[in-house]
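Here the structure comes first, spelled out in structure tokens, and everything after it is commentary.
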Amino acid sequence: MKDLRTPPGKPGMPDAGTNLLRAGRIAGRRRTILDTMSRDRDSSRRRRRSAGAWLPVVCLLLFAGSRAFAQDADTPAKALGVVTCSGSTCHGAAKPLSESKVLQNEFITWHRDDHHARAYRSLLGEQGQKIARNLGLDSAENAPECLACHTNYVPAAQRGKRFNLADGVACEACHGAASKWLGMHVTGEASREDNLKVGMYPTEEPVARAKLCLSCHLGTGERFATHRIMGAGHPRLGFELDTFTHIQPAHYRVDADYRSRKQVYGGMQVWAVGQVIAAQRTLELFGQPKWQGNAVFPEFAFFDCHGCHHPMSEQRWAPRASTGLPPGTVQFNDANMLMLLYLMKHVDPALGERLHGAMLALHRATTESMDATHKAATGLSGVLEEVRGRIVGHGFGRDDIEAVLKSLVAGGTAGDYQDYSAAEQAVMAMAALVDALRASGELDAARGTRLDAGVKALYAVLENENAWQPPRLVAELKNLETVLN
Ligand code: HEC
Ligand code: HEC
Ligand code: HEC
Ligand code: HEC
């Protein structure tokens, strides 16, 4: 498929201007990301000629004696720890190596700039300790319910000698436990397919990537940030695959060589896949008794946080076509489904209608009973499976991007993004689509500048979720609409 984003030869970071807008999503962290980007630019300018060609030999010598990777096919692979990847001739070079296929300074980027590297440390910090105290835990850093997402929490039997929980969310949490592929990998002879066969994770493929990231940024059957954890002081989780892929400091470079080894997917495809996998995962978790409990109330984490959390003096209720709910109801968090609704309005309007019907049925059911809600959720899951079939493998072109951007904006001006989570998803979607439009090569500079300004204004509306004012979003969306039409 045509790449809609990164020009060849540049580091994985997309167009700087727009990426800054996206980084702006995370209030207060903007500077960190800015710093990262200028440092990245500097280091790629200074990229030196070096011994990249020697990588396979040197790494092989390092690992050959360890027999860490000599295991039979039936035992599960072991995670070997970040020290196994971070040798200066492997992935711990001080600077990107120009003669190597991969940058080789991945460890440095991760260690210095990537929030995943401090995921374990966050448990030790003030906020982590406060959450633990409020939950009655002895400590966050020993609690499986925190370690599950803040480290590569594999069972003890699958930890190699140098594995260390304090590494946080390190290489193998995303790329797969290395014991079975390391040996072959360091020879430099193995193809992508060879590596994948023995347990390396297909991080480039959107469905696989969505499942991976959402396993912590939303949850799984084993781990979930419940309202109890939120109530103890945990930040709200909000995730969009394309945006988060781009604000994670890039430790890879999409160039001609990368393209010869891996398929590259357009931003709109990544966004759409992220939405459908998140929507499906939400319903799947909602259906699990483990995450429901038997209390008087359902698990609040599945509902719109700000529906309950805002001052009574601020009366924001307004009818919303896509929920059909009356005032005074707690609303299921349908942000991902809502994005899919506006996507389907363009891609497959008939399926879009059915999706809308299934969403309305779910919302209605939440006002009836838990039983009815679970039934409606199952019905909606079925429709989402069809939506997924229409998205995965669908090559979105320039016209699709433009049409869905308009569709999303129209949904907003009609008042469909009343709740903060929906607004946040919509704005991240619009930023992703403007980026995708630019990457398609068919966005002229003047229009691009105006669209960027529009997206920037939308992010500004979202800046403080506790002072969220839906009418401000509608006003900004109307401005954006004039640029689009
Ligand atoms: C094993 C769990 C886990 C996986 C898998 C994971 N993350 Fe994370 N991620 C975290 C945790 C925990 C944090 C918060 C770290 C901290 O600051 O303490 C985080 C933080 C982030 C941040 C920074 C967010 C911010 O507010 O600045 C980005 C961006 C991110 N992750 C993107 C991704 C992407 C993209 C993927 C998939 C390729 C992914 N993550 C996979 C656990 C995970
Ligand atoms: C389902 C996975 C999950 C679970 C379970 C979880 N976290 Fe998190 N945590 C995350 C992610 C993802 C983030 C980053 C959120 C973002 O910025 O988008 C995060 C962020 C945090 C932060 C803020 C880090 C920062 O500096 O921004 C703290 C502190 C934290 N978690 C502590 C805990 C503690 C303590 C527990 C156990 C009670 C816990 N977490 C359980 C996934 C999880
Ligand atoms: C939060 C998830 C995450 C973590 C942690 C992570 N990576 Fe990655 N990595 C990715 C994603 C996503 C890609 C891009 C997709 C791809 O090329 O497979 C990638 C790509 C790569 C590439 C491919 C470059 C190429 O040209 O093919 C290498 C090498 C790499 N990572 C090494 C590492 C190392 C070493 C670490 C630890 C220091 C690490 N990664 C940590 C998610 C992660
Ligand atoms: C159905 C209503 C409802 C929903 C939905 C809801 N909450 Fe709550 N939340 C509550 C109630 C009730 C409390 C307890 C308030 C108290 O102790 O005074 C609470 C407490 C909290 C607290 C602690 C506040 C304090 O004063 O200590 C936080 C933080 C929080 N919720 C975050 C969230 C997040 C994040 C979400 C969405 C994932 C969410 N809530 C969804 C009703 C809700």
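Specify which of the listed residues (GLY168, GLY183, GLY188, GLY136) is modelled with pLDDT of 95 or more and more than 15 Å from ligand 1 (Cβ to nearest atom).
Matching residue, one of GLY168, GLY183, GLY188, GLY136: GLY136.
Answer with yes or no whether THR109 is crowded, with 16+ Cβ neighbours inside 10 Å, more than 23 Å from HIS217 (Cβ to Cβ) and hydroxyl-bearing (Ser, Thr, Tyr).
No; evaluated as a whole, the condition is false for this residue.
State the number of residues belonging to region 130-163 that are in contact with a Phe, Trp or Tyr (Cβ under 9 Å, 6 or more places away or on another chain) and not in a helix (DSSP H, G or I).
3
Looking at GLN315, GLN280, GLN288, GLN275, which one is surrounded by fewer than 17 Cβ atoms within 10 Å (Cβ to Cβ) and over 22 Å from SER369 (Cβ atoms)?
Selected residue: GLN315, the only one of GLN315, GLN280, GLN288, GLN275 that is surrounded by fewer than 17 Cβ atoms within 10 Å (Cβ to Cβ) and over 22 Å from SER369 (Cβ atoms).
Across region 83-128, what is the total count of residues that are part of a loop (DSSP other than H, G, I, E, B) and at pLDDT 95 or above?
Looking only at that region, the number is 2.
So ALA143 fits all but one of (1) near ligand 2 (Cβ under 10 Å from one of its atoms); (2) modelled with pLDDT under 95; what number is the exception?
If we test ALA143 against (1) near ligand 2 (Cβ under 10 Å from one of its atoms); (2) modelled with pLDDT under 95, just (2) comes out false.
Which residue, of ALA166, ALA177, ALA208, is without any contact (Cβ under 8 Å) to a residue 24 or more places away in the chain and within 23 Å of THR109 (Cβ to Cβ)?
Among ALA166, ALA177, ALA208, only ALA208 is without any contact (Cβ under 8 Å) to a residue 24 or more places away in the chain and within 23 Å of THR109 (Cβ to Cβ).
Provide a single number: the residues in region 279-306 that are away from ligand 4 (no atom under 12 Å from the Cβ) and not aromatic (Phe, Trp, Tyr).
Within region 279-306, residues that are away from ligand 4 (no atom under 12 Å from the Cβ) and not aromatic (Phe, Trp, Tyr) number 13.
The values are calculated or read from the model by the stated rules, or taken from the named source; none is laboratory data. As the structure is a prediction and not an experimental result, all values here were calculated from the model. Neighbour counts run over all protein chains shown; Cβ positions are idealised from the backbone, glycine included.
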